[in-house]
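Peer 1: Below: one structure in structure tokens.
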Amino acid sequence: MELVEAQTLGDAWLEVARRIVEHGADAVWDGAPTRELALLTLTVAQPDPADALIAELGDPEWLRWMHENFFVQKTVPELGGAASYAVRLFNYEGGGRDQVAWVVERLRANPECRDATITTFQPHTDTTYIPCVSVLDFWLRDGAVELIVYAHSLDFGKKAYGNLVELAALQAHVATELGATVGALVLHVKTAHVYEPELELMASLTRDVLRA
């Protein structure tokens with residue numbers, strides 16, 4: 001298992017990428033060569049969706065795409081017409097169930113609740129596409145909303161920073177609705193990887209930024 005503790009989302013993204021590049025094992029995902037760390041636990045102490053490092057280094061178009069995925073209800077052509085995360089979170093299976101509102105009400109009614117847990121997986125329709133982020137578990141600790149996430153896989157080369165930003169945005173939304181502060185963001189990732197074409201880029205980026 002791999003444990004990474006970071007203060008910010010940007011630091012978390014680059015530190016995980018550095019470890020993958022330097023210590024990851026060769027693997028394959030859907031026929032594409034990768035380097036991966038298995039069973040990663042990542043803790044971000046101060047998850048800010050307006051992370052300055054990600055805003056500087058991330059791809060603006062990818063960040064826009066990921067924000068729409070999390071907050072605009074639609075089908076996603078790039079994912080074979082699968083439902084966006086927004087559908088899964090705010091209109092589960094298209095049935096009108098707002099899971100995020102349910103989390104807020106559950107924690108508001110019982111701040112000591114330990115099962116404000118929701119899923120993005122829609123088993124009736126998710127046959128070819130399985131969402132990378134499948135479980136979001138919110139709780140209140142010392143007046144702060146913490147979010148614990150399970151993901152079967154995250155690409156820490158070109159994509160995962162967008163997931164981190166939007167998960168932090170969801171966490172901040174729940175905290176605002178409850179009048180609470182934002183606590184840690186914790187991710188449990190089965191496979192954290194970088195695709196082979198991005199290995200050199202991530203090696204250069206992590207070397208220049210983390211070791212500056």
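The values are calculated or read from the model by the stated rules, or taken from the named source; none is laboratory data. In this text, all values refer to a predicted model and were calculated from it rather than measured experimentally. Note that each Cβ is placed from the backbone with ideal geometry, even for glycine, and that neighbours are counted across all protein chains shown.
Peer 1: Looking at the range 143-155, is at least one residue over 22 Å from D98 (Cβ atoms) and over 13 Å from the mean Cα position of the chain (by Cα)?
Peer 2: The answer is yes, given that some residue of the range 143-155 is over 22 Å from D98 (Cβ atoms) and over 13 Å from the mean Cα position of the chain (by Cα).
Peer 1: While we're looking at this one, here's another question. Looking only at the range 89-108, decide whether some residue is within 22 Å of A160 (Cβ to Cβ) and either in contact with a Lys or Arg (Cβ under 6 Å, 6 or more places away or on another chain) or without any contact (Cβ under 8 Å) to a residue 40 or more places away in the chain (or both).
Peer 2: no
Peer 1: Name the residues in the range 175-201 that are surrounded by fewer than 23 Cβ atoms within 10 Å (Cβ to Cβ), of a type in the set (A, V, I, L, M) and touching a residue at least 40 places away in the same chain (Cβ under 8 Å), would you?
Peer 2: The answer is L178, A180, V182, A184, V186, L199, L201.
Peer 1: For the range 86-103, enumerate the residues that are crowded, with 19+ Cβ neighbours inside 10 Å and charged (D, E, K, R).
Peer 2: Passing the criteria: only R88.
Peer 1: Tell me, please, whether a residue that is free of Cβ contacts under 8 Å to residues at least 40 places away in the same chain and either among the polar types (S, T, N, Q) or touching a Gly at 6+ places or on another chain (Cβ under 6 Å) (or both) can be found in the range 22-36.
Peer 2: Scanning the range 22-36 turns up no residue that is free of Cβ contacts under 8 Å to residues at least 40 places away in the same chain and either among the polar types (S, T, N, Q) or touching a Gly at 6+ places or on another chain (Cβ under 6 Å) (or both).
Peer 1: While we're looking at this one, here's another question. Can you report the number of residues in the range 70-85 which are surrounded by fewer than 20 Cβ atoms within 10 Å (Cβ to Cβ) and either among the acidic types (D, E) or farther than 17 Å from T128 by Cβ (or both)?
Peer 2: Looking only at that region, the number is 5.
Peer 1: Which members of the range 165-212 meet the condition of being of a type in the set (V, I, T), part of a helix (DSSP H, G or I) and within 20 Å of L42 (Cβ to Cβ)?
Peer 2: V165, V174, T206, V209
Peer 1: When you scan the range 77-92, do you find a residue that is of a type in the set (K, R), modelled with pLDDT of 95 or more and assigned to a loop (DSSP other than H, G, I, E, B), even just one?
Peer 2: no
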